[in-house]
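Colleague: Quick one: structure below, then a few questions.
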Amino acid sequence: MADSVFNHVVRAPEDPILGVTVAYNKDTSPNKLNLGVGAYRTEEGKPLVLSVVRQAEQSLVNDPSRVKEYLPIIGLAEFNKLSAKLICGADSPAIQENRVTTVQCLSGTGSLRVGGEFLARHYHERTIYIPQPTWGNHPKVFTLAGLSVKYYRYYDPGTRGLDFQGLLEDLGSAPSGAVVLLHACAHNPTGVDPTVEQWEQIRQLMRSKQLLPFFDSAYQGFASGSLDADAQSVRMFVADGGECLVAQSYAKNMGLYGERVGALSIVCKTSDVAGKVESQLKLVIRPMYSNPPLHGASIVATILRDNQICLPHICRDMYNEWTIELKAMADRIISMRHQLFEALKTRGTPGDWSHIIKQIGMFTFTGLNSEQVAFMRQEYHIYMTSDGRISMAGLSSRTVPHLADAIHAAVTRAS
């Protein structure tokens with residue numbers, strides 16, 4: 001072996017989510033199906049670039065005044081302003097009173113990391129409670145940011161629904177002032193969300209104990225098809241005048257996965273505090289990545305601007321067009337849920353599969369165990385994470401029967 005100062009380095013395991021795609025790519029079966037990674041696919045199984053995104057990019061390319069200069073540390077000002085309005089609501093008093101500071105970050109992950117590091121430096125309670133289960137990257141992001149991670153009950157495997165009582169008990173016994181991570185909508189990986197009434201109970205409990213909400217909003221508009229409905233949980237907390245953090249991603253709802261476009265908003269008590277918080281966020285960002293990229297944020301700002309972008313012979317309201325395309329994506333996923341549920345019902349697959357149509361968003365937590373998942377990969381070339389989470393966005397009318405056959409076989413033969 002060549003002598004290297006890195007000979008002692010041990011090969012790390014594949015990322016449990018992205019590793020699914022690595023295994024899928026090595027499979028030579030023509031029937032293989034990747035339901036592991038959370039990226040939208042068309043009915044033909046192809047990645048989708050939204051028509052409105054193409055239009056926005058074209059308008060940017062055609063503008064000879066555009067340059068490639070560095071953005072400020074906190075990113076594109078117009079993008080930040082429009083992102084805060086999108087999640088908080090344009091008529092939010094917090095925005096009108098300049099109590100919200102927003103910084104452009106590297107998609108949702110970067111927004112969570114910047115927020116986590118800010119809290120580790122400037123917040124008195126360094127414990128963050130995250131749901132059990134949650135997205136696999138959450139504990140790593142917050143631990144490396146310098147926070148201590150603890151869990152609160154969220155999912156009930158028995159009902160394949162929300163363990164609301166357990167959630168309330170765990171948050172009720174959390175120390176006063178602790179940070180609590182909340183999925184704004186379309187909980188990943190379970191697809192199980194609280195009702196509006198349950199959100200109100202969560203809000204009252206958290207405010208009474210001075211728990212600090214940190215929302216992860218990765219699916220606004222992508223879950224229900226409505227931007228306002230999917231922001232309801234966040235807006236309830238913003239409207240009560242209290243403080244909170246919100247991480248936003250445009251990966252899913254604009255299909256800008258590889259552009260890494262996101263934002264962190266911190267809602268403060270006063271505009272003076274918001275200004276001070278922003279000054280400290282700059283000190284977190286500068287040594288991390290200096291400043292964020294220009295292109296993706298410019299696409300988002302162009303679409304959110306809600307103005308008329310006029311190309312030769314065509315004039316359209318891009319924001320409105322985006323909402324239509326967004327709803328079409330959400331509706332296709334909802335349709336896949338119903339098709340899979342009906343296919344399992346037709347096959348007489350043992351068990352209650354109604355959770356497939358009750359859950360919401362990109363993912364379904366099937367309830368399949370790791371042995372059944374392994375069986376489906378081996379026998380049917382279907383790839384998903386070992387916890388039984390499947391991406392509904394990776395399904396099509398053509399592949400639903402294959403998946404239903406595999407689930408039926410796994411439940412009846414691999415239980």
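The values are calculated or read from the model by the stated rules, or taken from the named source; none is laboratory data. It should be emphasised that the depicted structure is a prediction, and the values quoted were computed from it without experimental measurement. Note that we place each Cβ from the backbone using ideal geometry, even for glycine, and neighbour counts take in every protein chain shown. Remember, those area values only see protein heavy atoms, side chains included, never the ligands or the DNA or RNA. Shrake-Rupley method; radii C 1.70, N 1.55, O 1.52, S 1.80 Å.
Colleague: So if I check each of Leu294, Leu205, which one is open to solvent by 20 Å² or more (accessible area, probe 1.4 Å), without any contact (Cβ under 8 Å) to a residue 60 or more places away in the chain and at negative phi?
Modeller: Leu205
Colleague: Taking the residues in segment 229-284 that are in contact with a helix residue (DSSP H, G or I) (Cβ under 7 Å, 6 or more places away or on another chain) and among the charged types (D, E, K, R) as candidates, determine which candidate is most open to solvent (accessible area, probe 1.4 Å).
Modeller: Step by step, filter segment 229-284, then rank; the result is Arg260.
Colleague: Filter segment 87-105 down to the residues that are touching a residue at least 12 places away in the same chain (Cβ under 8 Å) and surrounded by fewer than 21 Cβ atoms within 10 Å (Cβ to Cβ), then identify the one that is nearest to Ser298 (Cα to Cα).
Modeller: Pass one, segment 87-105, residues touching a residue at least 12 places away in the same chain (Cβ under 8 Å): 87-89, 92-94, 97-105.
Then keep just the ones that are surrounded by fewer than 21 Cβ atoms within 10 Å (Cβ to Cβ); that gives 89, 92-93, 97-98.
Values: Gly89: 21, Ser92: 24, Pro93: 26, Glu97: 25, Asn98: 23 Å.
So the residue we want is Gly89.
Colleague: Name the residues in segment 375-394 that are open to solvent by less than 60 Å² (accessible area, probe 1.4 Å) and in a helix (DSSP H, G or I), would you?
Modeller: Narrowing segment 375-394 to residues open to solvent by less than 60 Å² (accessible area, probe 1.4 Å): 375-376, 380-385, 388-394.
Of everything in segment 375-394, those that are open to solvent by less than 60 Å² (accessible area, probe 1.4 Å) and in a helix (DSSP H, G or I) turn out to be Phe375, Met376, Tyr380, Met392, Ala393, Gly394.
Colleague: Still on this structure, I have one more. Quick one: is Thr195 open to solvent by less than 30 Å² (accessible area, probe 1.4 Å), under 21 Å from the mean Cα position of the chain (by Cα) and within 21 Å of Ile357 (Cβ to Cβ)?
Modeller: Judged against the criteria, Thr195 is not a match.
Colleague: Considering each of Val22, Val61 in turn, give the residue that is without any contact (Cβ under 8 Å) to a residue 12 or more places away in the chain and open to solvent by less than 80 Å² (accessible area, probe 1.4 Å).
Modeller: Val22
Colleague: If the Cβ limit is 7 Å and pairs must be 6+ apart or interchain, which residue in segment 329-353 that is in contact (Cβ under 8 Å) with a residue 24 or more places away in the chain pairs with which residue that is assigned to a helix (DSSP H, G or I) and open to solvent by 30 Å² or more (accessible area, probe 1.4 Å)?
Modeller: Close Cβ pairs (under 7 Å, with a partner that is assigned to a helix (DSSP H, G or I) and open to solvent by 30 Å² or more (accessible area, probe 1.4 Å)) amount to Arg337/Ile357; Ala343/Pro401; Leu344/His408; Arg347/His408; Thr349/His408; Pro350/Thr412.
Colleague: Hey, could you check segment 346-371 for residues that are in contact with a strand residue (DSSP E or B) (Cβ under 8 Å, 6 or more places away or on another chain) and not aliphatic (A, V, I, L, M) and say which is nearest to Met329 (Cα to Cα)?
Modeller: Checked segment 346-371; the qualifying residue nearest to Met329 (Cα to Cα) is Phe363.
Colleague: Next up: So which of Ala406, Ala301, Ala328 ends up being of a type in the set (A, V, I, L, M, F, W, C), in contact with a strand residue (DSSP E or B) (Cβ under 9 Å, 6 or more places away or on another chain) and over 17 Å from Arg160 (Cα atoms)?
Modeller: After ruling out the rest, the residue left standing is Ala406.
Colleague: Quick one: in segment 25-37, of everything that is open to solvent by 30 Å² or more (accessible area, probe 1.4 Å) and at pLDDT 90 or above, which residue is farthest from Met362 (Cα to Cα)?
Modeller: Going residue by residue through segment 25-37, those that are open to solvent by 30 Å² or more (accessible area, probe 1.4 Å) are 25-26, 28, 30-32, 34, 37.
Then keep just the ones that are at pLDDT 90 or above; that gives 25-26, 28, 30-32, 34.
Values: Asn25: 21, Lys26: 25, Thr28: 26, Pro30: 24, Asn31: 22, Lys32: 20, Asn34: 14 Å.
Among residues in segment 25-37 that are open to solvent by 30 Å² or more (accessible area, probe 1.4 Å) and at pLDDT 90 or above, the one farthest from Met362 (Cα to Cα) is Thr28.
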